[in-house]
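Report on one structure; see the data block that follows.
The values are calculated or read from the model by the stated rules, or taken from the named source; none is laboratory data. What you see is a predicted model; the values in this text were computed from it and never measured. Glycine gets a Cβ as well: all are built from the backbone with ideal geometry, and neighbour counts include every protein chain shown.
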Amino acid sequence: MAHDVKGLLVRQTRLAGLGALSGVLAGLASAVFLVSLAWATRAFDRHAWLLYLLPLGGLAVGLAYHYGGGRSVEGNNLVLDEIHEPTGWVPRRMAPLVYVGTVVTHLFGGSAGREGTAIQMSGSLTDWMSRAFRLGDTERRHLLVAALAGGFGSVFGVPFAGVVFGLEVQSVGRVDRSALVPCVSASFVGAYVVDLLGVEHSPTPDLGRVGLDALLLLKVVLAGVAFGLVAVVFSRSTHLVRRGFAHALGWVPARPLVGGALVVALTLLVGTRAYNGLSLPLVATSFFGAPPPTWAFALKLVFTALTLGAGFVGGEVTPLFVIGATLGATLAGVLDVPVPFLAAMGFVAVFAAAANTPLACTVMGVELFGLGSVPYLAAACLVAYLVAPHEGIYRAQRVHRPKPGRRRPAGQPADGTGPTEGPLPSAP
């Protein structure tokens with residue numbers, strides 16, 4: 001018995017140390033990326049002509065991924081696939097490719113996010129470390145889960161949510177506690193490294209204590225239904241645009257070239273650049289200023305679906321934050337609730353539905369907006385999650401336990417919790 005306890009402690013201590021190293025890599029990558037992204041955003045705001053180079057930037061990204069990306073083109077789904085059933089190492093080239101590609105996307109005005117880049121950089125660097133240390137399949141899998149936590153927690157400055165995200169995002173209806181220890185160390189160390197380097201995150205309001213009120217809770221539930229439906233529209237629109245480009249353009253690099261031209265045309269058509277890049281001013285307006293334009297959420301959705309569907313790289317999460325916050329601000333007038341309050345609910349709930357991560361998003365809401373609105377945050381995230389189908393923004397998610405009233409997707413294994421065993425080939 002004592003021997004078993006000692007062995008367990010040794011294994012968990014080792015995983016904690018490896019997770020901390022993964023967190024250092026994630027934190028350094030996120031810090032460099034956030035600084036670069038801030039530079040790209042400032043440059044785009046200052047130089048209007050950069051928008052017209054978006055098609056050429058898209059062509060460059062398309063060429064790099066098509067001829068030199070290898071498995072890196074699978075993005076976040078590759079990391080999730082390797083957690084479920086490892087068949088090969090995450091390519092080392094993924095980190096520099098997604099970093100440069102995302103900065104290019106934002107420099108020229110594509111509408112994308114940053115979580116995907118942070119996760120892919122963290123996953124690529126962590127798997128490089130696993131190769132260097134000659135880790136076995138089980139430890140490697142745990143560290144890839146930790147990489148999810150470290151990338152998410154560090155890039156958004158939400159270490160608690162990062163832990164839960166890494167454990168929850170793998171499968172619908174399951175929290176994988178087997179990797180808890182390395183997730184904790186990776187997420188908190190990653191967030192600490194970003195803070196230590198002086199990289200700041202966007203400010204969010206503390207909602208204070210909001211007393212439990214049945215009518216207000218009902219309004220949040222109604223808004224949660226809308227948040228879930230909009231998340232479904234986002235996911236399906238992005239997939240639809242991607243399939244449309246694949247059907248129309250056989251040569252892959254041509255897709256972001258044409259997509260970039262369409263984004264430029266759309267920008268000129270709407271007459272504002274508010275929906276290019278991260279669009280964080282729209283979030284700030286929802287939280288601290290006057291309500292944004294009524295249809296801001298729909299325009300951001302269209303810009304992002306077109307950008308990502310055409311083959312530009314980046315993430316979906318920040319656009320989902322923008323879509324949720326602006327939709328919440330719009331619904332606040334209809335439901336007669338304070339704009340910052342419902343904008344905060346939408347900020348986390350739309351992402352909860354699109355990524356099938358209601359627990360992580362509730363925790364994120366607490367970290368960003370304070371403890372005073374926990375029941376409402378939980379209700380918004382849970383309702384949005386239940387409204388959405390299993391298929392979200394991450395194709396590689398498994399369905400461990402189907403949502404109430406829904407069936408397991410056809411052809412999906414009953415559980416995707418364990419990796420296959422055996423040696424892995426070398427990776428570029």
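Checking the structure you have, find out if any residue of region 122-142 is aromatic (Phe, Trp, Tyr), crowded, with 22+ Cβ neighbours inside 10 Å, assigned to a helix (DSSP H, G or I) and assigned by TED's automatic domain parsing to the domain that holds residue 12. Within region 122-142, not a single residue is aromatic (Phe, Trp, Tyr), crowded, with 22+ Cβ neighbours inside 10 Å, assigned to a helix (DSSP H, G or I) and assigned by TED's automatic domain parsing to the domain that holds residue 12. The one condition from (1) hydrophobic (A, V, I, L, M, F, W, C); (2) assigned to a helix (DSSP H, G or I); (3) in contact with a Leu (Cβ under 8 Å, 6 or more places away or on another chain) that residue 298 does not meet is (3).
Going by the structure shown, is residue 66 under 22 Å from the mean Cα position of the chain (by Cα) and not hydroxyl-bearing (Ser, Thr, Tyr)? No: the conditions fail for residue 66.
Being more than 21 Å from residue 159 (Cβ to Cβ), modelled with pLDDT of 95 or more and of a type outside the set (D, E, K, R), is that true of even one residue in region 358-377? There is at least one residue in region 358-377 that is more than 21 Å from residue 159 (Cβ to Cβ), modelled with pLDDT of 95 or more and of a type outside the set (D, E, K, R).
Scanning region 104-152 for residues that are free of Cβ contacts under 8 Å to residues at least 12 places away in the same chain and either closer than 15 Å to residue 78 by Cβ or of a type in the set (A, V, I, L, M, F, W, C) (or both) returns a single hit, 132.
Pull up region 158-208, narrow it to residues that are among the charged types (D, E, K, R) and assigned to a helix (DSSP H, G or I), then point me to the one that is nearest to residue 409 (Cα to Cα).
Going residue by residue through region 158-208, those that are among the charged types (D, E, K, R) are 168, 174, 176-177, 195, 200, 206.
Next cut, assigned to a helix (DSSP H, G or I) only: 168, 177, 195.
Numbers: 168: 18, 177: 24, 195: 41 Å.
Looking at the filtered set, the residue picked out is 168.
Within region 274-290, being crowded, with 17+ Cβ neighbours inside 10 Å and in a loop (DSSP other than H, G, I, E, B) holds for 274, 275, 276, 277, 278, 279. Looking only at region 269-295, residues that are of a type outside the set (Gly, Ala, Ser) and either in contact with a strand residue (DSSP E or B) (Cβ under 6 Å, 6 or more places away or on another chain) or more than 17 Å from residue 107 (Cα to Cα) (or both) come to 12 in all.
Residue under question is residue 303, and the condition is that it be within 15 Å of residue 105 (Cβ to Cβ), assigned to a helix (DSSP H, G or I) and touching a Phe, Trp or Tyr at 6+ places or on another chain (Cβ under 9 Å); does it hold? Talk me through it step by step, then tell me what you get.
Values: within 15 Å of residue 105 (Cβ to Cβ): yes; assigned to a helix (DSSP H, G or I): yes; touching a Phe, Trp or Tyr at 6+ places or on another chain (Cβ under 9 Å): yes.
Answer is yes for this residue.
Being over 18 Å from the mean Cα position of the chain (by Cα), in the same structural domain as residue 368 (by TED's automatic domain parsing) and under 22 Å from residue 43 (Cα atoms) holds for only one residue in 283, 241, 264, and it is 264. The single condition among (1) β-branched (Val, Ile, Thr); (2) over 20 Å from the mean Cα position of the chain (by Cα); (3) not assigned by TED's automatic domain parsing to the domain that holds residue 384 that residue 175 does not satisfy is (2).
Residue pairs whose Cβ atoms lie under 7 Å apart, sitting 6 or more positions apart in sequence or on different chains, and linking a residue in region 391-403 that is closer than 12 Å to residue 236 by Cα and modelled with pLDDT of 90 or more to a partner that is among the hydrophobic types (A, V, I, L, M, F, W, C) and in a loop (DSSP other than H, G, I, E, B), are 394/169. Against the test of being more than 30 Å from residue 96 (Cβ to Cβ), surrounded by 21 or more Cβ atoms within 10 Å (Cβ to Cβ) and aliphatic (A, V, I, L, M), the options 265, 310, 226, 214 yield a single qualifying residue, 226.
A count restricted to region 14-35 and to residues that are surrounded by fewer than 20 Cβ atoms within 10 Å (Cβ to Cβ) and more than 18 Å from residue 195 (Cβ to Cβ) stands at 3. Assessment of region 158-172 against the conditions (surrounded by fewer than 24 Cβ atoms within 10 Å (Cβ to Cβ), modelled with pLDDT under 95 and outside the structural domain of residue 273 (by TED's automatic domain parsing)) yields at least one matching residue.
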